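The values are calculated or read from the model by the stated rules, or taken from the named source; none is laboratory data. Keep in mind it's a predicted model, so treat the numbers as computed, not measured. A quick note on method: Cβ atoms are made from the backbone with ideal geometry, for glycine too, and the neighbour counts reach across all protein chains shown. Side chains included, ligands, DNA and RNA excluded: accessible areas come from the protein's heavy atoms. Shrake-Rupley method; radii C 1.70, N 1.55, O 1.52, S 1.80 Å.
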Amino acid sequence: MNGATLSWTTLGARAVLAALVLALLGALLAGSAPEWAWVHGQLQQLRQVAESQPVQAALVFLSLRFLFSVVSVPGSGVLTVAGGVMFGFWAGLALVLVAVSTGALAIFLLTRYALHDAVRRRFPEALRRVDRHCADHGPSALFLLRIAEPFPTFLINALFALTRMPARTYFWVSLLGMFPGVAILTNAGAQLEAVHTPAELMSTGMIASLVALGAIPLLSSLAAARLRADRRRRGD
């Protein structure tokens, strides 16, 4: 990419960045199998756009990742990988964590103030039981759900919004719970930018990222089983 190409206007850089990210995301979610040369070319373009317009690229990426977090689009992890490609591990990790944590908090607050009273009036006894459980185990349960995400994100957001958990607690526990998965996917993206052939996908760093990603649900299941056993021993 020459100097003339890098001298885009801010508006043009934003439009191209959004188009590249969404095109790559759409291709992967649609199950298409483009040639690796094409995929690697898109990855390089993403990185070059981020390097040529760092502030604008970061703002566009932050907005897209926030939006996808709010609406809980399946496959949003592809955008997390793209963050690693574009900004490297540390900057990509910071941007994604800000986007996903504030997105989760936005839905939490919207659900709490829009639906909380109506649902509590309709299901008072059920919510009293949920509140009792949340008072004792809410943060640990939320942490495990954030790590494994066995349910769609919007369900987790909505469920805890209907409890009495403070928004501050919800935000920080969610942030900590999402950190491992976000870090692994961001690292995978940072590794991807340097991959030039499909064979290089099996690098040590990439394999380690995939193994860690697969281990998260297993470890969270073991932790959940331990918590249930502890509750039974205490007679909860």
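Some notes on this structure:
- The residue pairs whose first member lies in region 86-99 and is assigned to a helix (DSSP H, G or I), whose second member is aliphatic (A, V, I, L, M) and open to solvent by 40 Å² or more (accessible area, probe 1.4 Å), and whose beta carbons are closer than 9 Å, counting only pairs six or more residues apart or on different chains, are Phe87/Ala94; Leu95/Leu62; Val96/Leu62; Val96/Leu185; Val98/Leu62; Ala99/Leu62; Ala99/Leu67.
- Any hit, region 140-147, residues being modelled with pLDDT of 80 or more, of a type outside the set (S, T, N, Q) and within 17 Å of Val70 (Cβ to Cβ): yes
Conditions (1) open to solvent by 10 Å² or more (accessible area, probe 1.4 Å); (2) under 9 Å from the mean Cα position of the chain (by Cα), marked per residue:
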{"residue": "Leu64", "(1), (2)": "yes, no"}
{"residue": "Leu67", "(1), (2)": "yes, no"}
{"residue": "Val70", "(1), (2)": "yes, no"}
{"residue": "Val73", "(1), (2)": "yes, no"}
{"residue": "Phe89", "(1), (2)": "yes, no"}
{"residue": "Gly92", "(1), (2)": "no, no"}
{"residue": "Leu97", "(1), (2)": "yes, yes"}
{"residue": "Ser101", "(1), (2)": "no, yes"}
